[in-house]
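Values quoted throughout were computed directly from the atomic coordinates according to the rules given, and no laboratory measurement underlies them. From a predicted model like this one, the values you see are computed outputs, not experimental measurements. Positions of Cβ are generated from backbone atoms using ideal geometry, with glycine treated the same way; all protein chains shown enter the neighbour counts.
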Amino acid sequence: MVSVINTVDTSHEDMIHDAQMDYYGTRLATCSSDRSVKIFDVRNGGQILIADLRGHEGPVWQVAWAHPMYGNILASCSYDRKVIIWKEENGTWEKTHEHTGHDSSVNSVCWAPHDYGLILACGSSDGAISLLTYTGEGQWDVKKINNAHTIGCNAVSWAPAVVPGSLIDQPSGQKPNYIKKFASGGCDNLIKLWKEEEDGQWKEEQKLEAHSDWVRDVAWAPSIGLPTSTIASCSQDGRVFVWTCDDASSNTWSPKLLHKFNDVVWHVSWSITANILAVSGGDNKVTLWKESVDGQWVCISDVNKGQGSVSASVTEGQQNEQ
Amino acid sequence: MEELDGEPIVTLIPGVDSKKQMCFDWGPGELLVCETSFHKKGKSETVPGCPFIYIVRKDVDVYSHILRKLFNESHGIFVGLQRIEELTGKSRKAQLVRVSKNYRSVIRACMEEMHQAAIAAKDSTSSRQFSSQVSILSAMELIWNLCEILFIEVAPAGPLLLLLLDWVRLHVCEVDSILADVLGSENPSKHESFWDSPGNTQTLTELELKWQHWHEECERHLQDGTFVSSPHLESLCKIMLGDEAALLEQKNLLSNWYHFLVTRLLYSHPTVKPIDLHFYAQSSLDLFLGAKSRPEPLDNILMAAFEFDIHQVIKECSIAFSNWWFVAHLTDLLDHCKLLQSHNLYFGSNMREFLLLEYASGLFSHHSLWQLGVDYFDYCPELGRVSLELHIERIPLSTEQKALKVLRICEQRQMTEQVRSICKILAMKAVRNNRLGSALSWSIRAKDAAFATLVSDRFLMDYCERGCFSDLDLIDNLGPAMMLSDRLTFLGKYREFHRLYGDKRFVDAASLLLSLMTSQIAPRSFWMTLLTDALPLLEQKQVIFSAEQTYELLRCLEDLTSGRPEQGEPDQQLQDDDIEATKVEMLRLSLARNLARAIIKEGSLEGS
């Protein structure tokens, strides 16, 4: 039984564009057209405003939490062409870095797996993707991929960390050699897979073609210990594809059509344990999908907007449970 | 291939404008939903949006205070079942029946507590909620009990009816009161005392004979018109002959169709065989409900049980109940009875494992019940481990105690990746809060050499600034952990040098100091400090460094001063150069003097 367990009143004065839970589900970050980024403590069903961050000069499109080992760090991107990285220092949240390397709206930000260090990928309407790497002492190194997608890049998503070979016999102090990859989706109807070369430059490894209109979102599924890689993509053309690659070395990706919706599909997202895909549609619903044993994707639930006075059921006890 | 029946469940989010859209994202255990508009425009919307974020979850029952007891105690029974030594034959059956009865008593205990809560509730809403939970638990126990009789005890013909009578009696209070009435009343005729028979222990043959006798006698009386004068006695006789119509006339005494079924069987087919059960069940249901009523979910579940369709029972229960507790535990028990064939399931090849995984995942949303979840994952051979790995990393490490608990669980299962990740998080948090000792012990636990090096450097920097070490206890007792990284080894040894010096074991201290440089364990940046540390040893009255050692020290000094690259800002460098130059001069002087004294000492007859 699915129910609404908590409602957080963000008091945003304009449209909300993104809401993200932190790694442990204890904090919630939201961003809005009112140019602010807000952070709430949502433990035990409550809501306490921790920070109201101002710094953007336009609607803020996305927020992303970094892995907790780096502390409390949040990235935000906005129509104002900026990416801002916020950090909690001694109990207060402050802007710790501002990246202004794009010529138009930055649409998507995504942190790389923590194993790679603190790296942020940003996709922009100027068609470029920039990668910010923290090098220490407040310094961020920038690498830019120009013309990643013609017209614009709408989404970026990192592949989960896969360690080649065994981690057990690492010589003391040496970092294992990860193959860093991420996926991007753009207005050229393509999904592109990018790989970091030995010289530190990013190269386009593959193009995934199946959509007939702008790709609005891509999401690389978390790893569940199998050698298969899975990517979900959705587009202006109303289609959602699930791409799978059975073996990292073979590099052949096969798309499977999840569903054809009647309207633009804007957002796809994998649950943390990778077995459920949530898809939002222009038809004002969020649908949840799961893969069956025979490889077909089945819709298991439908989260719909209420029509007026339907009240959410709240189970006894959980409001005052510790 | 099983089809997914029914449309997907729709959950409505209140308050979101139908003209707008919903954006969402996953938290570790929930789904966040809010109103938005995906068409990205530069300017703001003219109509202000809804400022609410809705947090949606599917395992809310974990938060119930009373159900928690159910989860806790059934966990103990579950783990016990996985671990008990499998007996064979009759003893095995008895073993499994015992487990089943344990589960049922836990349900009943929970029901009782819930019932008390309903009575004690302060307002009518909570009272109603508690009461509805009581009915749900009661239904669970009813179903489980029936499953125990039909699937686990596997009662053959004869005893089956007795068990079913017990089942009905336990769950339908009215039967008891009727029996009490009948027992208490005066019975002028012999056959009315036959009402006593439920619950009596009689052998199958005795029962059949008795039954035959009574049945014939009743029929004779009816046909002879013995009861014409008393319609009441006549209908009583018809009932005892198993006349359905007569039974149905007493419908108000029968609370439901399965009570009707068992009563009917008692009078018409007391030695009913299990395989024939479903015929009578279906017709009892139809007759009792009549044309107007439709069967409810509970009726369907019971019917599936009477049809011995275990998979259907589990499926229906999964849909009917709001949490996975019931189906997960019952399925696991039935699996132990070897009753589940490998069934082609939608979301996994093993139904038992699928249900246990769903149940355990739900437990992880709770701040302390997650510990129970760990054991459930342990007994899921296919996906249990990887599920545990994913879930355990997301447990908030709010206290050191909790962190240690989580780590112990990971270490016990050789989940090295998770150990490393969790220790790293704690270590970095400690570094940020300047608790270097804590940071060091976390990095040692994580076997993270790179981080140990980082923390050791911080310790050394700290020492340079303050002239003393923090967390001496930790560094003094590193033991074999010292080998984790070169820098850590150096830190440990350097501290040892200080201890030796403090104990006035100067010769040992001197040798150690020298070896730190010659073995290349000390980072070059620290050599100046080490050489400066040598000064008091060189200035002692007695000669501590031998000539050989002094030559080594000189060599190190030369090494350091000659190979020095250009560093720092131009202005700063001049200043640094001055200080450095003075230091070097002092050292050279000290070393030269020591060399002279050492040579003399070693050359003379007393020295050796």
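Residue order for B:V386, B:V327, A:V8, fewest other beta carbons within 10 angstrom first, comes to B:V386, A:V8, B:V327.
Fully extended, how many nm does the chain gain between B:V79 and B:H65 (0.36 nm per residue separation, minus their Cα-Cα distance)?
Answer, rounded to one decimal: 2.8 nm.
Note on B:V154 and B:L339: the extension gain reaches 65.5 nm, defined as 0.36 nm multiplied by sequence separation minus the Cα-Cα distance. Between B:S322 and B:S230, the distance separating the two model label sites (each 7 Å from Cα on the Cα→Cβ line) works out to 5.1 nm. Calculate the FRET efficiency for B:A596 and B:E465 from the Cβ-Cβ distance with a Förster distance of 41 Å, rounded to the nearest 0.05. It comes out at approximately 0.70.
Put a dot 7 Å past the Cα of B:R524, heading toward its Cβ, do the same for A:K256, and the two dots end up 5.8 nm apart.
Peptides A:180-187, A:210-217 ranked from most to least packed give A:180-187, A:210-217, packing being the mean of other C-beta atoms within 10 angstrom over each peptide's residues. Counting only other chain Cβ atoms within 10 Å of each residue's Cβ, the peptide A:284-290 averages 5. Listed values for segment B:373-380 are Karplus-derived 3J(HN,Hα) couplings in whole Hz (6.51 cos²θ - 1.76 cosθ + 1.60, θ = phi - 60°), namely x, 4, 5, 5, 4, 4, 9, 10, and x replaces Gly and Pro. Sorted on the mean count of surrounding Cβ atoms within 10 Å across their residues, most packed first, peptides B:415-426, A:80-91 read B:415-426, A:80-91. Note on A:N44 and B:E112: with the Förster distance fixed at 22 Å, the Cβ-Cβ geometry gives a FRET efficiency of about 0.15. About the centre of its Cα atoms, chain A shows a dipole size close to 240 debye [charges on the beta carbon of Lys, Arg (+1) and Asp, Glu (-1) only; nearest 20 debye]. With the highest mean first, a sort of the peptides B:85-95, B:278-288 on other beta-carbon atoms found within 10 angstrom per residue produces B:278-288, B:85-95. Averaged over the residues of A:264-272, the number of partner chain Cβ atoms lying within 10 Å of the residue Cβ comes to 5. Inter-chain Cβ neighbour count for A:20-27, averaged per residue, equals 6 (cutoff 10 Å, partner chain atoms only).
Applying 1/(1 + (r/R0)^6) with R0 = 51 Å to the Cβ-Cβ distance of B:I119 and A:T92 gives a FRET efficiency near 0.50.
Extension gain, B:D559-B:N434: 0.36 nm per intervening residue step, less the Cα-Cα distance, totals 41.5 nm.
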